[in-house]
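Remarks on the structure that follows.
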């Protein structure tokens with residue numbers, strides 16, 4: 001077993017899943033990988049299981065009954081990784097919007113103490129590093145992060161980022177049963193919780209490239225959860241965390 005687990009939730013990712021797995025296992029650093037699979041009707045799980053015979057003891061799958069939300073997928077992945085003793089766990093999408101080559105930089109920044117949580121950030125020093133997004137979505141994302149900083153006071157430029165390396169000591173402190181959000185607001189909530197617990201969040205610049213294959217899971221319901229849910233974070237009783 002290696003010390004770092006890459007956690008990738010999937011739903012209908014047959015176009016991407018084999019390529020992303022092979023890319024991760026081609027990298028230096030010896031990452032393990034857990035696919036949290038939400039009963040994709042397109043056969044994603046079958047592809048993963050076939051590859052598990054090629055990458056025994058490095059590739060794993062956790063199958064769930066259906067679409068239960070991004071947040072619960074990562075929490076299930078974190079629980080799985082903590083039970084098996086991983087020191088670092090990295091959230092990563094299956095669609096190559098997160099460049100697997102950046103896994104090494106995120107891990108190293110966490111391992112050498114630059115951050116207890118390391119965010120692969122699209123917005124560092126006022127720069128926007130996103131490729132292939134329409135201007136409307138780019139502006140929505142950029143100003144959403146500004147909105148989050150304004151409401152929460154959190155000094156993280158890319159609060160909604162989903163490419164994140166967590167050290168074990170942070171995940172052991174967060175009470176997963178207290179996490180409220182299941183969509184992209186989950187990303188904000190986890191970072192904010194880490195800062196409230198006194199951990200350091202470091203942003204490593206990346207270039208985010210919108211997916212070429214498959215269909216985005218973003219929806220207005222997910223966006224509304226993130227927009228309105230941010231307010232509730234300020235009013236929680238953090239003594240219970």
Checklist outcome for this item: Shape call for the range 71-110, from the Cα gyration tensor axes a ≥ b ≥ c (a/c under 1.5 means rounded, otherwise prolate when a/b beats b/c, else oblate), comes out oblate
Checklist outcome for this item: Extension length gain for residue 61 and residue 124 (0.36 nm per residue less Cα distance), in nm, is 19.3 nm
Checklist entry - Among 98, 107, which comes first, second and so on when ranked by fewest other beta-carbon atoms within 10 Å? => result 107, 98
Item to check | Which of 165, 110, 150 has the fewest Cβ neighbours within 10 Å, and the rest in rising order | outcome: 150, 110, 165
Checklist entry - Which order results if 204, 54 are arranged by neighbouring Cβ count within 10 Å, fewest first? => result 54, 204
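Read-outs throughout are calculated quantities, based only on the coordinates presented, and are distinct from any laboratory measurement. Predicted model only: the values in this text are computed from it and were never measured. Positions of Cβ are generated from backbone atoms using ideal geometry, with glycine treated the same way; all protein chains shown enter the neighbour counts.
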